[in-house]
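Comments concern the structure below.
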């Protein structure tokens, strides 16, 4: 949801769907990406940008209000 909020704040960002998906996936922790892939029954890498956005949107409609965990670098 935070990522979508950032995109809404800058509607003229100019990122196409593929770039948006790549930015989103690139920002995920490896274990979160594994969970995402498992939850969709395969790798997100094999989805079209439109399919990926649809899946991400469907998942974000469930607001679990879980604490956000970040790795320090």
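The values are calculated or read from the model by the stated rules, or taken from the named source; none is laboratory data. Just so it is clear, the structure is predicted and the values come from calculations on it, not from any experiment. Positions of Cβ are backbone-derived with ideal geometry, glycine not excepted, and every protein chain shown enters the neighbour counts.
Residue 25 meets each of the listed conditions (1) at pLDDT 80 or above; (2) farther than 17 Å from residue 3 by Cα apart from (2). Across the range 11-50, the number of residues qualifying as surrounded by 13 or more Cβ atoms within 10 Å (Cβ to Cβ), over 12 Å from the mean Cα position of the chain (by Cα) and assigned to a helix (DSSP H, G or I) comes to 1.
Contact annotation: residue pairs with Cβ atoms under 8 Å, 6 or more positions apart or on different chains, pairing a residue in the range 45-73 that is over 17 Å from residue 30 (Cα atoms) with a partner that is assigned to a loop (DSSP other than H, G, I, E, B) and modelled with pLDDT under 85, are 60/1; 63/1.
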